[in-house]
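One structure is given here, and the rest of the page talks about it.
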Amino acid sequence: MSRVSKLPIADSGLAVRHVFIRDLELLAHIGVYGHEQGKLQPVRINLDLAVEDEVLLEDKLDRVVDYAAIADKIRAIVAAGHINLAETLAERIALAAFEDARVKTARVRVEKLHALPGAESGGVEIERQRR
């Protein structure tokens, strides 16, 4: 039996809204290998969040999960210092998303661009649910 389930996205029956960030490219100190130490490498980050759907938005930013604020948190995580693994970066991003109590599920993809010869990227995708 597979442990992989579908992220509930934009489901009116479940009162779920889909908030996302696509193709956020940053320079990061990331990697375990000697040739990766002490230099910036390009990473691409994608984020999908299943959040509680607020029906009465009143056209106010504080009534929604602010993707710009989450992007700033991602930038701060990357700027904080060297990270060995793409998996660690993905986990930290998921934890940052869960700082907003309305976030129920986070799917994070971290790609190290040009990390593998002949490939555009290599990386990891995780999905975490609020506990």
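Ordered by residue, what ³J(HN,Hα) values in Hz, to whole numbers, does the range 117-130 give under the Karplus form 6.51 cos²θ - 1.76 cosθ + 1.60, where θ = phi - 60° and Gly and Pro are x?
x, x, 10, 5, 7, x, x, 8, 10, 10, 9, 10, 10, 4
Taking the Cα of ASP23, stepping 7 Å toward and past its beta carbon, and measuring to each backbone N in the range 75-96: which are under 12 Å?
None, by backbone N distance to the label point.
Just need the Rg to Rh number for the chain, please, alpha carbons only, Kirkwood Rh. Write out the running numbers ahead of the final one.
On the way: Rg = 16.0 Å, Rh = 15.7 Å.
Radius of gyration relative to Kirkwood radius: 1.02.
Can you give me the orientation-averaged projected area of the convex hull built on the Cα atoms of the range 85-131, in nm²?
Average projection, Cα convex hull of the range 85-131: 3.3 nm².
Name the residue from VAL19, LEU85, LEU95 whose Cα lies farthest towards the positive end of the charge dipole of the chain, charges +1 on Cβ of Lys and Arg and -1 on Cβ of Asp and Glu.
Result: LEU85.
The numbers here are math on the coordinates, done by the rules we state, and not lab data. As the structure is a computational prediction, the values presented were derived from the model and not from experiment. Heads up, the Cβs are rebuilt from the backbone with ideal geometry, glycines too, and the neighbour counts pull from every protein chain shown.
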